[in-house]
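The values are calculated or read from the model by the stated rules, or taken from the named source; none is laboratory data. Nothing here was measured: the structure is a model prediction, and the numbers come from that model. For neighbour counting, all protein chains shown are included, and Cβ atoms are generated from backbone atoms with ideal geometry for every residue, glycine included.
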There are 2 protein chains.
Amino acid sequence: MLGAIEAGGTKFVCAVGDHLGHIADRIEISTTVPGETMKEVLAFFQKYSIDAIGIGSFGPIDINQESPSYGFITSTPKTAWKDFPFVQTVKEAFGVPIGFNTDVNAAALGEATLGAARGFDSCLYITVGTGIGAGAVVQGNLLQGLSHPEMGHILVRRHSEDSYKGTCPYHGDCLEGLAAGPALEERWGDKGFQLAERSEVWELEGYYLAQALMQYILILSPKKIILGGGVMKQKQVFPSIYKHMSDLVNGYVSLPELSEYIVSPGLGNDAGITGSLLLADQALGRELEGKR
Amino acid sequence: MLGAIEAGGTKFVCAVGDHLGHIADRIEISTTVPGETMKEVLAFFQKYSIDAIGIGSFGPIDINQESPSYGFITSTPKTAWKDFPFVQTVKEAFGVPIGFNTDVNAAALGEATLGAARGFDSCLYITVGTGIGAGAVVQGNLLQGLSHPEMGHILVRRHSEDSYKGTCPYHGDCLEGLAAGPALEERWGDKGFQLAERSEVWELEGYYLAQALMQYILILSPKKIILGGGVMKQKQVFPSIYKHMSDLVNGYVSLPELSEYIVSPGLGNDAGITGSLLLADQALGRELEGKR
Ligand SMILES: Nc1ncnc2c1ncn2[C@@H]1O[C@H](COP(=O)(O)OP(=O)(O)O)[C@@H](O)[C@H]1O
Ligand SMILES: Nc1ncnc2c1ncn2[C@@H]1O[C@H](COP(=O)(O)OP(=O)(O)O)[C@@H](O)[C@H]1O
Ligand SMILES: [Zn+2]
Ligand SMILES: [Zn+2]
């Protein structure tokens, strides 16, 4: 049996299941401090005979297996979790292979294997929620270089009528600073779901997201783009993205029909936890091949 | 013996050599129309016993082996070359395995294998010349998705004191439109090499290139970044890039020392032709493995 942890800033989802994404049991635990949260996490898996555990974690995290801080949450603003040795803590408790990646890379893996990008060897998964993050599968592998991608903080061109300062503590008006949920709520003065009827909100949201997607497409050329997270529950953002994307790209690259190309998650809210099961399966596979 | 073609919009470089990048003979041919240019190209290789040929071509090109137009130059503004079946033409003449990719992907491969990024499994190669283009090696493979990357056309934020309209026929003031050689020459009214003493030119150039590099880093996280092309002969652009990059990234991601991370090509002007030799070697390897 495989174990999976989707570690988010607000809550952890833990599940047991198989490599086809079937989930046999699951639990949600709120994210407080490591001592507390991890106690509940470990207790959940103790009930099962687990062969491997996959972790899709909020970040930044260290996923470089050669690094001394591999398996750690690194410079997160959630101070209690800074320098938390995530992989080591789980490994110590269960002694099984551990897969470790970002929550969004896990979701990208889930969607590429079993979701909206099934059958493609590349996809981009973007979450627009409390923050903006993205993960990618490139030629069948989770994208990794010097570190994991941090696509939420790219620069966008400000709309001439938007004077909102932006929420990002590092960049002010980067993409996340202008277009994540908290920016939206502060700019327009209401909770996201209560802004549903105000078309100018979603028009502007599409304006910024389209710019980001253009950059991602020109740089990565993904075969499918999946947009998840709380903000994307507002389906009216999609047509605004399509319209602005067409204007921006202006025929320079040929893309599939945008409504087929840029879509909602096929796995709904389960992209991350399903991908984490797959991370467990990959870790098990590496162990069996004796590669670790 | 391996053959290599670096097909540029101004000239073609052809070479014969080996998989270690040793070049035994080479020729330069100006780019006119396919009938003329290709006749000279084929004549050059006729003198040798060639086992495989690698082509690094200007684009856009079709590198998707499943596509009916695989091996073609596609929608290039150089009308004589539009829909030119490049691979097919070379294959017909020599019947050997052909490797085919963009000129910048070839250069990235050359630099990752034998140049400034030797020993790394990832790098980004950017040329800033008549246009701006980039190729990338990601986890050991040349980056490819729906198509090859088109990173030169990403959006940048305009400098508040720069009112130059931009040269890009598709986007006006995209990166290439604002920062490639022709934009520079039109904006400042002189040939690139004659602008050497005007520090404001290279300060602004660094301002735009730093923005682009920030996007590339956040999205791809390359282990090394190599900047080539005619404009980058002005070495004073590098410090301007480092300065603006530090300001923009603002400590959000931890990067190697910038002067080690963002560098000139280790292979000088031979990155592309050397990479094309390596494309030939890869094509030969695939043929021997019976995978084609
Ligand atoms: N139905 C909704 N409509 C619009 N915005 C929403 C909706 N639900 C959540 N949001 C926004 O998404 C943010 C939460 O993102 P979410 O993806 O649910 O969680 P997280 O990113 O913390 O995992 C909230 O700050 C809110 O602004
Ligand atoms: N020494 C130089 N200093 C500044 N700019 C240069 C220099 N040499 C070439 N350039 C610029 O680079 C452009 C040519 O780019 P180059 O990389 O040499 O060729 P191409 O991109 O056509 O392969 C010219 O348009 C010119 O603006
Ligand atoms: Zn930011
Ligand atoms: Zn452009």
Among residues of segment A:245-272, those that are in contact (Cβ under 8 Å) with a residue 24 or more places away in the chain and either of a type in the set (G, A, S) or within 20 Å of A:F120 (Cα to Cα) (or both), counted: 12
Conditions (1) more than 20 Å from A:F72 (Cα to Cα); (2) assigned to a strand (DSSP E or B); (3) under 20 Å from the mean Cα position of the chain (by Cα); number of the one not met by A:H19: (2)
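Select from segment B:186-234 the residues that are aromatic (F, W, Y) and within 16 Å of ligand 4 (Cβ to nearest atom) and list them in ascending order. Steps first, answer last, please.
First pass over segment B:186-234, keeping only residues aromatic (F, W, Y): B:188, B:193, B:202, B:207-208, B:216.
Within segment B:186-234, B:Y208, B:Y216 qualify.
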Selection within segment B:211-236 - more than 9 Å from chain A (Cβ to nearest Cβ), surrounded by fewer than 23 Cβ atoms within 10 Å (Cβ to Cβ) and in a helix (DSSP H, G or I): B:G230, B:M232, B:K233
A:S240, sole failed condition from (1) of a type in the set (G, A, S); (2) out of contact with any Phe, Trp or Tyr (no Cβ under 7 Å at 6 or more places or on another chain); (3) away from every other protein chain (no Cβ under 14 Å): (2)
Any chance A:Y170 is within 16 Å of ligand 3 (Cβ to nearest atom) and within 14 Å of chain B (Cβ to nearest Cβ): yes
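What number of residues within segment A:238-292 satisfy the criterion of being among the aliphatic types (A, V, I, L, M), assigned to a helix (DSSP H, G or I) and within 30 Å of B:T76 (Cα to Cα)?
Here is the first cut: in segment A:238-292, the residues among the aliphatic types (A, V, I, L, M) are A:241, A:245, A:248-249, A:253, A:255, A:258, A:262-263, A:267, A:271, A:273, A:277-280, A:283-284, A:288.
In the following step, the residues that additionally are assigned to a helix (DSSP H, G or I) were identified as A:241, A:245, A:248-249, A:258, A:271, A:273, A:277-280, A:283-284, A:288.
Keeping just the survivors that are within 30 Å of B:T76 (Cα to Cα) gives A:241, A:245, A:248-249, A:258.
Total satisfying the criteria: 5.
So for segment A:244-262 (the condition being of a type outside the set (G, A, S), more than 16 Å from ligand 2 (Cβ to nearest atom) and more than 14 Å from every other protein chain (Cβ to nearest Cβ)), does at least one residue qualify? Write out each step before concluding.
As a first pass, look at segment A:244-262 and keep what is of a type outside the set (G, A, S): A:244-245, A:247-250, A:252-253, A:255-258, A:260-262.
Keeping just the survivors that are more than 16 Å from ligand 2 (Cβ to nearest atom) gives A:244-245, A:247-250, A:252-253, A:255-258, A:260-262.
Remaining after also requiring more than 14 Å from every other protein chain (Cβ to nearest Cβ): none.
No, segment A:244-262 contains no residue that is of a type outside the set (G, A, S), more than 16 Å from ligand 2 (Cβ to nearest atom) and more than 14 Å from every other protein chain (Cβ to nearest Cβ).
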Any hit, segment A:72-91, residues being touching a Gly at 6+ places or on another chain (Cβ under 8 Å), assigned to a strand (DSSP E or B) and either on the phi < 0 side of the Ramachandran plot or surrounded by fewer than 23 Cβ atoms within 10 Å (Cβ to Cβ) (or both): yes
Unique match (being under 30 Å from B:S122 (Cβ atoms), without any contact (Cβ under 8 Å) to a residue 40 or more places away in the chain and away from ligand 1 (no atom under 13 Å from the Cβ)) among A:I225, A:I154, A:I217: A:I217
Candidates B:G3, B:G54, B:G59, B:G9, filtered to the one that is crowded, with 21+ Cβ neighbours inside 10 Å, outside any strand (DSSP E or B) and under 19 Å from the mean Cα position of the chain (by Cα): B:G59
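When you scan segment B:127-149, do you find a residue that is more than 16 Å from ligand 1 (Cβ to nearest atom), assigned to a helix (DSSP H, G or I), at pLDDT 95 or above and not charged (D, E, K, R), even just one? Working first, answer last.
Step one: filter segment B:127-149 for residues more than 16 Å from ligand 1 (Cβ to nearest atom), giving B:127-149.
Those still in the list that are assigned to a helix (DSSP H, G or I) too: none.
There is no residue in segment B:127-149 that is more than 16 Å from ligand 1 (Cβ to nearest atom), assigned to a helix (DSSP H, G or I), at pLDDT 95 or above and not charged (D, E, K, R).
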Boolean, B:E66 is away from ligand 3 (no atom under 16 Å from the Cβ), among the charged types (D, E, K, R) and more than 14 Å from chain A (Cβ to nearest Cβ): no
Residues of segment B:29-40 classified as in a strand (DSSP E or B) and surrounded by 15 or more Cβ atoms within 10 Å (Cβ to Cβ), total: 1
Extreme residue, surrounded by the most Cβ atoms within 10 Å (Cβ to Cβ), among residues of segment B:128-142 that are more than 9 Å from chain A (Cβ to nearest Cβ) and within 16 Å of ligand 2 (Cβ to nearest atom): B:G135
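Being charged (D, E, K, R) and under 20 Å from B:G285 (Cα atoms) is the filter; apply it to segment B:42-71 and report the residue that is modelled with the highest pLDDT.
Only one residue fits best here, namely B:D51.
From the list A:G145, A:G152, A:G189, pick out the single residue that is farther than 27 Å from B:A136 by Cβ and surrounded by fewer than 24 Cβ atoms within 10 Å (Cβ to Cβ).
On the way: A:G145 fails: farther than 27 Å from B:A136 by Cβ; A:G152 fails: farther than 27 Å from B:A136 by Cβ.
Going through A:G145, A:G152, A:G189 in turn, the sole match is A:G189.
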Qualifying residue in segment B:264-271 (condition: surrounded by fewer than 21 Cβ atoms within 10 Å (Cβ to Cβ) and within 14 Å of another protein chain (Cβ to nearest Cβ)): no
Test: A:Y261 is closer than 25 Å to A:I154 by Cα and touching a Leu at 6+ places or on another chain (Cβ under 7 Å): yes
